[in-house]
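The structure under discussion appears below in the form of structure tokens.
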Amino acid sequence: MPKIVDHEQKRRLIAESAWRIIEAKGIEHASIRAIAAEAKLSPGALRHYFSTQDELLLFIVDYFLTRRAHKAEGLEISRIPIIAAKEVLLELLPTNSEKRTPTGVWWVFAIRSLTSSTLRVKRNELTDGLHYLTKTVLEILAGAELLLPSIDLELETLRLAAVVEGLSILAMLRPEQYTAETIERIVVLHLRGLCLRTTDE
């Protein structure tokens, strides 16, 4: 009787093997050959599942970053509105080693998506997810009647996303300057600038 291969399980094994390499050595070391060795597969067997590097990168991003985005959407947050807003934003930022690896993968993915139609749809999906979360932050503040009436919700949704992405880049480039504490202070300062009151109640 022929052996039944669970292709989805095999793809997960490949993604997890790739992630171990990325965490240990960086994404530049996650070649087809290195991932195949980590997964105990031949390079030819790996190419059976992913014919190009972009297809593999797309699966890694879909498997790990989408899962992280769903986790952020289901985050249990404070009942104090401005603290809740801060918690949602900090969840998106690389404030510890666990979150720095996905952030680094995201930026490699984003840059490659500029010239890859294979990656473009997922890039847009993930940036739409960021806009959904920044809009959620503003809705939390608006629901508590904290948001300044002059705030343009559509524009501020985009601006807040730009703040998140800018902090993400700088936290990766200059972690000694953009520490977790500094990032939190910047986030709090930005949120308070959007509010009528600065109370944490």
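The values are calculated or read from the model by the stated rules, or taken from the named source; none is laboratory data. Please read these numbers as outputs of a predicted model, since none were measured by experiment. Note that we place each Cβ from the backbone using ideal geometry, even for glycine, and neighbour counts take in every protein chain shown. For the accessible areas, the whole protein counts, side chains as well, though only heavy atoms, and no ligand, DNA or RNA atoms are used. Shrake-Rupley method; radii C 1.70, N 1.55, O 1.52, S 1.80 Å.
With all protein chains in place and a 1.4 Å probe, the accessible surface of segment 18-174 carries 55 percent carbon and sulfur. Between amide H atoms placed 1.01 Å from N, distances below 5 Å from Leu147 occur with Ala142, Leu196, all of them 5 or more places distant or on a separate chain. Comparing mean-square fluctuations of Val164, Val121, Val137 from a GNM of the chain with C-alpha springs under 10 Å, the top value falls on Val121. Excluding same-chain neighbours fewer than eight residues apart, the lysines reachable from Lys10 by a Cα-Cα span under 18 Å are Lys40. Taking the helices alone, the chain has a mean residue ellipticity at 222 nm of -24000 deg cm²/dmol, built from -39,500 (n - 2.57) per DSSP H run of at least 4 residues and averaged over all its residues. The chain has equivalent-ellipsoid semi-axes of 38, 17, 15 Å, by the square roots of 5 times the alpha carbon gyration tensor eigenvalues, sorted largest first.
Which shape class, rounded, prolate or oblate, goes with segment 89-201 when its Cα gyration tensor gives a ≥ b ≥ c as root eigenvalues, a/c under 1.5 marks rounded, and past that a/b bigger than b/c marks prolate?
Numbers: a/c = 2.71, a/b = 1.42, b/c = 1.91.
Because a/c hits 1.5 or more and a/b fails to exceed b/c, segment 89-201 counts as oblate.
Projecting the Cα atoms of Ser117, Ile82, Gly129 onto the charge dipole of segment 39-141 (Cβ charges, centred on the Cα centre) puts Ser117 farthest toward the positive pole. Based on C-alpha pairs under 8 angstrom that are at least 6 apart in sequence, the chain has a relative contact order of 21 percent. Measuring r between the beta carbons of Ser150 and Val121 and using R0 = 30 Å, the FRET efficiency lands at 0.25.
Taking only protein heavy atoms into account and a 1.4 Å probe, give the accessible area per residue of segment 134-173 in Å².
Result: 52 Å² of accessible area for each residue.
Dipole magnitude for the chain: about 860 debye, using +1 per Lys or Arg Cβ and -1 per Asp or Glu Cβ, origin at the Cα centre.
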